[in-house]
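The values are calculated or read from the model by the stated rules, or taken from the named source; none is laboratory data. Everything numeric here is computed off the predicted structure, so don't read it as measured data. Don't worry about glycine lacking a Cβ; one is built from the backbone with ideal geometry, like all the others, and counts go over all protein chains shown. What goes into the accessible areas is simple: the full protein's heavy atoms, side chains included, and nothing from ligands, DNA or RNA. Shrake-Rupley method; radii C 1.70, N 1.55, O 1.52, S 1.80 Å.
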Amino acid sequence: MKRAYTWDGQTAGVVGLGVSGASAVRALSRAGCRVIVNDSRGSEQLQAVMESLRADPTAAVEDAVFSSHPVGLAKRVSFFVASPGVPLDIPMLQEARRLGVPVIGELELAYRLSPARFIAVTGTKGKSTVTTLLGAMLNESAPGRVHVGGNIGVPLSSEAFSHSADDWAVVEASSFQLERAADFRPSPAVVLNISRDHLDRHGTMEAYADAKRRIALNHGPDDVLVLNADDSAVLRFAEGARSRILLFSLEPLAGPGAFMQQGELCLRLNGRTESICSVEEAPGPGRHMLSNSLAAICAAGHLEAPVSKMRDALGAFQGLAHAYEHVRTLNGVRYIDDSKSTNIASVLAALEAEPSNAPRVCLIMGGVDKGNDYALLTNALQRRVRRLILLGRETDRMRGAYASVVPLSQAFSMEEAVAQANAAAEAQDIVLLSPGHASFDMYSNWKERGDAFKRAVQRLG
């Protein structure tokens with residue numbers, strides 16, 4: 001049972017006016033708070049979003065403080081809602097903690113406003129896929145409606161007032177959102193994998209894992225934590241956990257959970273084992289996608305989703321945009337958009353998605369490094385990649401790491417990168433955009449980067 005929160009008469013400071021920040025402004029205004037907005041960008045850069053908020057009768061902005069994060073603002077607010085892109089160590093938020101002013105995120109805000117039951121998925125790679133699959137498996141199984149959101153799609157705070165106590169909110173939770181968790185208590189909570197990512201923000205792997213661990217911060221013995229038995233870093237989440245643990249694995253399991261056995265994806269709960277579907281019937285390609293499917297099966301099975309619904313959801317899943325998405329086949333060469341890949345683990349999963357005897361890959365990679373360990377990719381590049389095309393800010397570091405590993409070249413635009421890959425590819429090869437880096441050196445986000453790749457591919461021939 002969630003505790004009751006008092007909103008009337010509170011002054012909320014919303015830090016960061018991106019999509020989640022603007023949603024938080026509207027939700028807080030509707031809840032009865034006075035709202036002060038703050039962003040390090042100038043008023044000219046924020047003109048469009050402020051005009052949108054002022055034109056919205058549900059958004060009441062009392063004051064706007066732009067161009068900096070003044071420390072004194074911490075004395076003017078009852079609490080802060082900080083957008084995911086705002087680091088928690090800026091002096092203004094450090095001063096807030098010194099004064100005892102709470103700092104939460106938009107996901108925590110949605111959790112407090114919504115009466116729905118929350119289910120959450122986190123991990124380095126696969127969050128969007130598992131969240132989408134799980135939402136589809138639970139659709140029509142929940143007593144009320146199923147809402148899918150969080151770090152995917154529409155911010156949940158924008159929908160919180162339409163939720164009922166019979167609804168389920170299935171959320172993708174990033175480390176940036178989870179480090180702002182306070183009362184957030186999703187059950188089941190699903191942890192997919194942990195590998196190097198966002199070290200530019202968290203500093204160390206330990207701090208990154210600790211942020212992810214907060215998904216079960218408020219769990220008790222009645223809550224369920226779903227963990228990947230094939231990932232040693234994830235398995236450590238079970239140490240000291242107050243939750244009941246369920247596992248998923250690509251190998252057979254002795255206890256309850258979801259696993260792969262004799263070519264079948266199976267679920268064992270309450271002493272009963274059922275086959276959900278064959279490996280051939282599961283979404284693909286690759287072992288990573290099978291692991292994602294098992295994670296969704298494990299969580300949905302705990303929530304008593306019918307096997308038929310799980311099977312239907314797996315069969316109907318067509319993948320997500322920019323997540324190993326087939327763009328076209330031209331002259332026997334397949335072009336794949338995996339722009340959602342922003343870390344080395346994602347590139348590795350993309351390279352291993354095809355069978356070991358699959359054709360070679362012409363790989364486009366690069367952008368803004370978030371703490372990658374490039375050595376982790378060396379073996380896969382040697383085995384699978386015909387040519388590596390470097391694009392974006394980190395070309396010097398990657399050239400130093402891979403010049404003796406694989407033939408490589410540099411491009412200065414997406415069009416040039418695609419042209420180089422097309423020229424190097426042989427019949428039956430794959431041209432793969434799997435950047436392994438953030439997009440902010442050249443694009444606003446990974447969606448814009450993926451769209452640029454698609455446009456360049458469609459111009460070929």
*Scan the helices (runs of 4 or more DSSP H) fully inside the stretch 129-246 and keep the ones with 1 or more residues being of a type in the set (Phe, Trp, Tyr).*
175-178, 205-213
*Go over the candidates Thr124, Thr132 one by one and state the one that is of a type outside the set (Gly, Ala, Ser), under 30 Å from Gly284 (Cα atoms) and open to solvent by 20 Å² or more (accessible area, probe 1.4 Å).*
Thr132
*Does Arg26 qualify as being open to solvent by 60 Å² or more (accessible area, probe 1.4 Å), basic (Lys, Arg) and under 19 Å from Gln177 (Cβ atoms)?*
yes
*Residue under evaluation Ala305, criteria (1) over 19 Å from Leu348 (Cα atoms); (2) open to solvent by less than 20 Å² (accessible area, probe 1.4 Å); (3) assigned to a helix (DSSP H, G or I), criterion not met*: (3)
*Look at the stretch 39-81 and say how many of its residues are of a type outside the set (Asp, Glu), assigned to a strand (DSSP E or B), under 12 Å from Ala12 (Cβ atoms) and at pLDDT 95 or above.*
3
_Show the residue pairs meeting these rules: Cβ distance below 6 Å; 6+ apart or different chains; first residue within the stretch 93-110 and without any contact (Cβ under 8 Å) to a residue 60 or more places away in the chain; second residue open to solvent by 60 Å² or more (accessible area, probe 1.4 Å)._
Glu95/Val71
*Residues located in the stretch 46-77, provided they are within 12 Å of Gly16 (Cα to Cα) and loosely packed, with under 15 Cβ neighbours inside 10 Å*: Ser67, Ser68
_Go through the stretch 82-110 and report how many residues are in a loop (DSSP other than H, G, I, E, B) and open to solvent by 40 Å² or more (accessible area, probe 1.4 Å)._
5
*Mind checking whether some residue in the stretch 75-86 is on the phi > 0 side of the Ramachandran plot and more than 22 Å from the chain's Cα centre (by Cα)?*
no
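This table checks each residue for (1) hydrophobic (A, V, I, L, M, F, W, C); (2) in a strand (DSSP E or B); (3) free of Cβ contacts under 8 Å to residues at least 60 places away in the same chain; (4) surrounded by fewer than 17 Cβ atoms within 10 Å (Cβ to Cβ).
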{"site": "Arg386", "(1), (2), (3), (4)": "no, yes, yes, no"}
{"site": "Asp396", "(1), (2), (3), (4)": "no, no, yes, yes"}
{"site": "Arg399", "(1), (2), (3), (4)": "no, no, yes, yes"}
{"site": "Gln410", "(1), (2), (3), (4)": "no, yes, yes, no"}
{"site": "Glu415", "(1), (2), (3), (4)": "no, no, yes, yes"}
{"site": "Gly436", "(1), (2), (3), (4)": "no, no, no, no"}
{"site": "Phe440", "(1), (2), (3), (4)": "yes, no, no, yes"}
{"site": "Lys447", "(1), (2), (3), (4)": "no, no, no, yes"}
{"site": "Gly450", "(1), (2), (3), (4)": "no, no, no, no"}
